[in-house]
């Protein structure tokens, strides 16, 4: 089904106990607004409105949903609502705080704390010189504290990427825009294409979605670290499965970052989920490991990754 253009709720619109101030963002699955609560505190409100299933025209509040799309819309709404309920039980400084969730206008809404800052993607695009080894280790180790809490509640993020890591003004990273409900909706309704971000989605997002697990988020963490250093999106996992042309971090940035950090990134980016870190704890342990000496490129590398790196170098230099 072709995507439709949904009209956001207008500024000043009262929904439940909140007043809409402005639209913050719009995606294929939802619209996010800046709003104020009864005490005048600024909050963010996410509205469930997948544009492949529902259409809201200008001046209307409730979306129009074709009868044959109602089952999928309602199922997705249930998943979105349940995700809001689960996230509301989390209280962690590195995870967006869900304050409330409710039904209105024939759909559902998730009320979250409004964070001031900018995304990690915006930060590195505007100042690529900040992407030092210490920066990568500090940001991702703190972010992983939040992801570890998410996984401990048997939840997955499933849309982890630099634009979904929000950097508060005090430089504390926060996980935002979870994709679990989108993934559930897409996997259970054949009329919808799976919703993920190429380059950051794991191979399991494309094939054998029953294998999605903590290791799938860990692939996305590796892709995010890779993207922070390269300044661009890595080759997508489905393309890698056909012909893996992704230059390993150990090859691409040899001598510019420690071998240990680059090796960790490549570990996360293994196409076979069994060969990645199986838990956030294992990845955090690698990221917090002290590097006692700078890279010594004159010495042979003695890691399990050597064979892959060697093959890649040969293919680049026949």
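Derivation of every value follows stated rules applied to the coordinates shown; laboratory data play no part. Values in this document were obtained by computation on a predicted structure and should not be read as measured data. Backbone-built Cβ (ideal geometry, glycine too); neighbour counts: all protein chains shown.
Please give, to one decimal in nm, the separation of the simple spin-label points placed at residue 274 and residue 23, each 7 Å out from Cα toward the Cβ.
A separation of 4.8 nm, rounded to one decimal place.
I need the peptides 154-165, 72-83 ranked by packing, meaning the mean over residues of other C-beta atoms within 10 angstrom, with the highest value on top.
Most protected by this proxy first, the peptides run 154-165, 72-83.
Place a point 7 Å from Cα of residue 133 in the direction of its Cβ. Which residues in segment 211-225 have their backbone N less than 19 Å from it?
Answer for segment 211-225: 222, 225.
Taking the number of other C-beta atoms within 10 Å as the exposure measure, put 5, 111 in order starting with the fewest. Please report the intermediate quantities before stating the final value.
Details: 5 10, 111 24.
Ascending number of Cβ neighbours within 10 Å: 5, 111.
Give the separation of the Cα centroids, segment 30-47 to segment 93-137, in Å.
14
Considering segment 1-116, what Rg and Dmax in Å follow from its alpha-carbon atoms?
14.0, 42
To the nearest µm²/s, what D does Stokes-Einstein give for segment 91-184 at 37 °C and 0.692 mPa s, using the Kirkwood radius over alpha carbon pairs as Rh?
So the translational diffusion coefficient is about 229 µm²/s.
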